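Working notes, beginning with the structure itself.
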Amino acid sequence: MENQGNSSNQSRFLIAAVLSMAILFGWQYFFAPKPPPVDNANSNTAANTAANANTASPVPTPAPAPLPETAAATTPDTTPNRSITIKSPLYEVKLDSKGALATSWIIVKNKSPRADFPVYADGSHEGEQKPLQLISDEALKRSPREIPFRLATDDQGLTTLLNDRNYAVSVPEETITLADGAEKQIDFTLTDASGVEVKKSFLFRANSYVADVAVTVKRGGQTIPNTKLVIGASIGDHAINNHNFYHIESETVAAVNGDIKRHQGNYTFTYDANGQASLSDAGTVDWAGVGDAYFAMTAIPAAPAQGVEYKASKYDVQTKPFFESIFQWILRNAKTSETRHLVTVYLPIPADGSVTKVFTGTKDYFLLAELSKNSASQLGREVEITNLINFSNYWWLRWLTKPLSIPIVYSLNFFNGLTNNYGVAIIVFTFLFYSLLFPLRWSQSRSFKKASGNAPKMKAIQDQIKELQKKGVPNDDPRMRQLQMDQLKMTKDALPIGGCLPMLLQFPLLIAFYTAITIAVDVRQSTFIWLPDLSAADPWHLLEFAFAFSMILSMKFTPQAAVVTPEQAMQQKMMTYLMPAMMLWVMWAAPSGLLLYWFFGNIVSFGQQMLINRMNKPNTPPGMEIVDSVPKGAKKVKPKLSTT
């Protein structure tokens, strides 16, 4: 069965967060005084994307004179096959002379203005550090191979020739090691008796994730029009056992007409009976690429392209046993397979030798921000490359999460520099943030305390209003108006909305913190106590249950809106337990760093509330006790008249 984790989990998280805020706000306020786009991989691109106007539109293509179909190669492929390995401090790449394609791309290190550390594949630990391979084994096994730097043209015969023939290589070495600061150009050339001349030039730099790719494709001396450079399929960490919203599959991403277009293989595409699908986006394309949460390969052409196409295919794989949800975990109903997807970008480039910049590396915000700042010199023209990072799939949420999550990334990076541990950095950040909310929490406590004090009077007024209504007294009657004015006076200084402010402020930060945790490369594989990776779920699920319990504890001791009916009291009690249960379901398999933030935040909130309750405790003379009701048999005492 196809894996729907990415879409459903994100929607589930957002819906639950919004509903939680709406329920809490509504509870305290009122009880106190796209079907998938239809496309057909067998139809042409324009027809395929017409039904997907919201997410993708047909790519307008010029109508040049049709190219003559290239017959089978007239020159036998006698060029020997070679594999060239390029090693640098940042990466290790293998290029195959057959098609001049990349068959391996390993990221060795993340190096940015604020970080410098080795990176390994998912599931690595001190005893086993697996290399981070970005190219899919499934893509390598396909025929033809679905690997980076293929070329596509309108002539299928020519496309086959370009990708299946062995090229002559300009360097004699099989392994090229780039010393610090060095660079190396490697040319792959192909000449066929049919008049086809091809040259692919790669320029690698030891200290940069950006490589230059220059492509020349001519036939009879004429440049082949509408040539596309293929990025993918599915660049990312392929050691992940099973994917969900927090460990996403690779997706396509492109900057089109100033907006960011993302297409996930598991729900954006509609597949035919053969498991194939395609989409396209029309407009001016600054860059396009493929990547997962932390790694990407992106092509930036010499000049903005017009339109970009995407292709996808799906396949089933066997996995280690895993539980998709808390219900499956309780029932011990483990899954051992999932449906995966190969997604590929087809980006038009000029086949006249113009240089296309290709970034292949980590989606470290500090690295991408530096590249964007110096894009004119490092990427060939000014582009904003930080949007490779998925600040949100939803444009209407991105305007909020991006400006909030970036300062959080900076803060966590700063505290990690001080503590040398991201778990401690999260705790320090949480403590400081909740300390800033303490005055608001104090105000919240006073507001609810005043509302609770007015509850008996409020109930008496409501009873009087009901009595008048039973007698048929209209609302514009002076007696009714007077009672309504009394209600307004009681609620003037004790509105529940004032007490909701700390809660309202926490939800945007929660979403932004979640975004920061899932995009911060240096949080990935950071350990804390028993947690092997703060960007992944707690393998023992202790933190999920601790978070739910701390939420109950925090809600029980936080002042609530005054209740005047038994129904309201029951609703408050239900919310105290229903909300944590719902959030336990939502946050199952969430990054442990996010749960650590929320868990410790609940503990800090509980401590703050205990302090507030103690400081707000009324002063009573020794030997006296304040009770809610007069005990039976108690003697009435006449009040003493004051002589003052």
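Structure above, values below:
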{"read-out": "Selection count, the stretch 97-138, where residues are in contact with a Ser or Thr (Cβ under 6 Å, 6 or more places away or on another chain) and closer than 18 Å to P532 by Cα", "value": "1"}
{"read-out": "Residue match in the stretch 347-370 (condition: touching a Lys or Arg at 6+ places or on another chain (Cβ under 7 Å) and in a strand (DSSP E or B))", "value": "yes"}
{"read-out": "Test: E183 is among the acidic types (D, E) and open to solvent by 10 Å² or more (accessible area, probe 1.4 Å)", "value": "yes"}
{"read-out": "Residue list for the stretch 191-212, restricted to those being open to solvent by less than 20 Å² (accessible area, probe 1.4 Å), within 17 Å of R165 (Cα to Cα) and within 39 Å of the chain's Cα centre (by Cα)", "value": "K200, S201"}
{"read-out": "Residue tally, condition under 21 Å from F547 (Cβ atoms) and not hydrophobic (A, V, I, L, M, F, W, C), over the stretch 402-427", "value": "4"}
{"read-out": "Of all residues in the stretch 373-387 being of a type in the set (S, T, N, Q) and open to solvent by 20 Å² or more (accessible area, probe 1.4 Å), the one that is nearest to K402 (Cα to Cα)", "value": "N387"}
{"read-out": "Scope the stretch 213-244; condition crowded, with 23+ Cβ neighbours inside 10 Å and on the phi > 0 side of the Ramachandran plot; matching residues", "value": "G232, S234, G236"}
{"read-out": "Strands (runs of 3 or more DSSP E) contained entirely in the stretch 245-298, each with at least 3 residues that are at pLDDT 95 or above and buried (at least 24 other Cβ atoms within 10 Å of the Cβ)", "value": "251-256, 276-291"}
{"read-out": "In the stretch 283-316, the residues that are of a type in the set (S, T, N, Q) and within 19 Å of R381 (Cα to Cα)", "value": "T284, T298, Q306"}
{"read-out": "In the stretch 313-358, residue surrounded by the fewest Cβ atoms within 10 Å (Cβ to Cβ) [restricted to those that are β-branched (V, I, T) and over 21 Å from I235 (Cβ atoms)]", "value": "I330"}
{"read-out": "Residue match in the stretch 160-167 (condition: in a loop (DSSP other than H, G, I, E, B) and among the hydrophobic types (A, V, I, L, M, F, W, C))", "value": "no"}
{"read-out": "Enumeration of residues in the stretch 330-370 that are among the hydroxyl-bearing types (S, T, Y) and within 30 Å of W588 (Cβ to Cβ)", "value": "T336, S337, T339, T362, Y365"}
{"read-out": "Check on A179, within 28 Å of L379 (Cα to Cα), within 30 Å of the chain's Cα centre (by Cα) and outside any helix (DSSP H, G or I)", "value": "no"}
{"read-out": "Test for K184: is it modelled with pLDDT of 95 or more, more than 36 Å from the chain's Cα centre (by Cα) and not in a loop (DSSP other than H, G, I, E, B)", "value": "no"}
{"read-out": "Residues located in the stretch 389-436, provided they are aromatic (F, W, Y), open to solvent by less than 30 Å² (accessible area, probe 1.4 Å) and closer than 30 Å to N257 by Cβ", "value": "F391"}
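The values are calculated or read from the model by the stated rules, or taken from the named source; none is laboratory data. Not measured: the values here are computed from a predicted model. All Cβ positions, glycine included, derive from the backbone under ideal geometry; neighbour counts span all protein chains shown. Note: accessible area is taken over every heavy atom of the protein model, side chains too, but ligands, DNA and RNA are not part of it. Shrake-Rupley method; radii C 1.70, N 1.55, O 1.52, S 1.80 Å.
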